[in-house]
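For reference, the structure discussed in these notes is given below.
The values are calculated or read from the model by the stated rules, or taken from the named source; none is laboratory data. Note that this is a predicted model, so its numbers are computed, not measured. Cβ: placed from backbone, ideal geometry, glycine included. Neighbour counts: every protein chain shown. Protein only, heavy atoms only, side chains kept; ligands, DNA and RNA dropped before computing areas. Shrake-Rupley method; radii C 1.70, N 1.55, O 1.52, S 1.80 Å.
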Amino acid sequence: MSAQEVRVGFIGCGRHATQVLLPTVRQAGMDLAAICDLDKRRAQRATRRFGAFRAYQDLRRMIDEMELDAVLVCGPPEMHAEAAAVALQHGCHVWTEAPPAPTAVEARRVADLAAGRGLVAQVGLMLRFAPAYERLARTIADADLGAPVAFEATYWPPALPGHDEPFAFDALHILDLIRHLLGDVEECSALRADDGRAALTLRMQGGATGVASFLQGGPCVRESVTIAGEDAVATVSDRVVVTTRRRDRDEISVWRADRLGPGEEACTAHLRGYLPELVHFAASVSGESEAAATMAEAATAMRLAEQIAAQGEVQQPA
Ligand SMILES: NC(=O)c1ccc[n+]([C@@H]2O[C@H](COP(=O)([O-])OP(=O)(O)OC[C@H]3O[C@@H](n4cnc5c(N)ncnc54)[C@H](O)[C@@H]3O)[C@@H](O)[C@H]2O)c1
């Protein structure tokens, strides 16, 4: 089977699925066989709009009847874990939106189920796949910056309907990206407010230390990650621009993910990471790529998000 032949069913066709994911599944070239939603009319509408063959209200029936290789899941976190477990038990690979379960313990359980059956379980941790962060990750892996010593991250996402636990729904993404770029977190302390703000200080096992500012639903969306190595400093701004400054060189090199060569397309789904993450999932299912952004990795980032959420809120002085 090639990545283009991966036959998928999609469950949960609400806002994010119909605005972002289902068009991207088509763009990624997967064979979209069926769409399922508790809401029958939503499932039927999405089936027509995105050119699937059949609409379902019941996941088990969809899996039984459609000979799927994989199931893609996008709904509330409790539905992610439940649907992923059902799909894995029926021999299907799974991709779920983030967060993949209500708790890290439940995500770990799904990860163990996938590992036990030798199936791919990938989570929608799209930052890793955005071309600008891929470039930063490559630069670090190639030791182009020298050993990382310090970092600074700003992640101020918009407030989205239903994202009422900002650390679980949103901080998860930047925590996963930091781990992806720099390895495991050795120590983390947080000052947080219950309205979805947090200031974090982190020490990584590789020795780098850094700070992260998290603000959900502020007056503007902002995203920036800077990594300082022993030889150079690189910054990714708003998931698009990568600037690099080298020790002893009075110049700044700039690379933009949205300025590709002639004939290449830089659509939003590509720049934001949604298209490459689904292309990668199809390639992992077909055996052309190693699994990435796995359920096990998501469970680790979720555990960190839970620890931060449990740390003290900012107190007013007496
Ligand atoms: N990664 C990102 O950038 C990003 C952005 C937005 C949303 N999300 C995630 O996407 C997910 C969905 O968000 P949304 O705003 O589209 O939600 P939504 O409420 O608009 O849609 C959820 C859909 O799931 C369906 N559903 C719920 N339980 C079901 C079940 N048991 N079986 C079948 N269908 C079921 C509902 O009927 C609904 O159509 C959330 O987990 C959210 O965190 C991720």
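Brief remarks on what is shown
- Considering only residues in segment 216-235 that are over 17 Å from the mean Cα position of the chain (by Cα) and aliphatic (A, V, I, L, M), the one that is most open to solvent (accessible area, probe 1.4 Å) turns out to be VAL221.
- Residues (more than 11 Å from the ligand (Cβ to nearest atom), crowded, with 17+ Cβ neighbours inside 10 Å and assigned to a loop (DSSP other than H, G, I, E, B)) located in segment 1-24: VAL6
- Condition check for SER289: of a type in the set (Ser, Thr, Tyr), at pLDDT 95 or above and in a loop (DSSP other than H, G, I, E, B): yes
- Taken over segment 51-68, residues that are assigned to a helix (DSSP H, G or I), open to solvent by less than 40 Å² (accessible area, probe 1.4 Å) and either touching a Leu at 6+ places or on another chain (Cβ under 6 Å) or more than 11 Å from the ligand (Cβ to nearest atom) (or both) amount to 2.
- Evaluating TYR155 against the criteria (1) outside the structural domain of VAL236 (by TED's automatic domain parsing); (2) open to solvent by less than 40 Å² (accessible area, probe 1.4 Å); (3) in contact (Cβ under 8 Å) with a residue 24 or more places away in the chain leaves one unmet condition, (1).
- Residue, least open to solvent (accessible area, probe 1.4 Å), within segment 193-215, restricted to residues that are in a loop (DSSP other than H, G, I, E, B) and closer than 21 Å to ALA309 by Cβ: GLY196
- For segment 18-50, the set of residues classified as in contact with a strand residue (DSSP E or B) (Cβ under 7 Å, 6 or more places away or on another chain) and either small (Gly, Ala, Ser) or without any contact (Cβ under 8 Å) to a residue 12 or more places away in the chain (or both) consists of ALA33, ALA34, ALA43, GLN44, ALA46, listed by residue number.
- If you go through segment 73-99 and keep only what is part of a helix (DSSP H, G or I) and either closer than 16 Å to ALA291 by Cα or not acidic (Asp, Glu) (or both), you end up with PRO77, MET79, HIS80, ALA81, ALA83, ALA84, ALA85, VAL86, ALA87, LEU88, GLN89.
- Residues satisfying the stated conditions in segment 25-42, i.e. more than 8 Å from the ligand (Cβ to nearest atom) and either of a type outside the set (D, E, K, R) or part of a loop (DSSP other than H, G, I, E, B) (or both): VAL25, GLN27, ALA28, GLY29, MET30, LEU32, ALA33, ALA34, ILE35
- Screening ARG45 with (1) of a type outside the set (A, V, I, L, M, F, W, C); (2) surrounded by fewer than 18 Cβ atoms within 10 Å (Cβ to Cβ); (3) in contact with a Lys or Arg (Cβ under 7 Å, 6 or more places away or on another chain) gives one miss only, at (3).
- Across segment 72-105, the number of residues qualifying as near the ligand (Cβ under 10 Å from one of its atoms), open to solvent by less than 20 Å² (accessible area, probe 1.4 Å) and under 16 Å from the mean Cα position of the chain (by Cα) comes to 9.
- Only residues that are within 16 Å of the ligand (Cβ to nearest atom) and part of a loop (DSSP other than H, G, I, E, B) were counted in segment 127-172, giving 10.
- ASP231 being of a type in the set (Asp, Glu) and farther than 22 Å from ILE140 by Cα: no
For every residue, the table says whether it meets (1) surrounded by 19 or more Cβ atoms within 10 Å (Cβ to Cβ); (2) under 17 Å from CYS188 (Cα atoms).
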residue: THR268; (1), (2): no, no
residue: LEU278; (1), (2): yes, no
residue: ALA282; (1), (2): yes, no
residue: GLU288; (1), (2): no, no
residue: ALA292; (1), (2): no, no
residue: GLU297; (1), (2): yes, no
residue: MET302; (1), (2): yes, yes
residue: GLU306; (1), (2): no, yes
residue: GLN311; (1), (2): no, yes
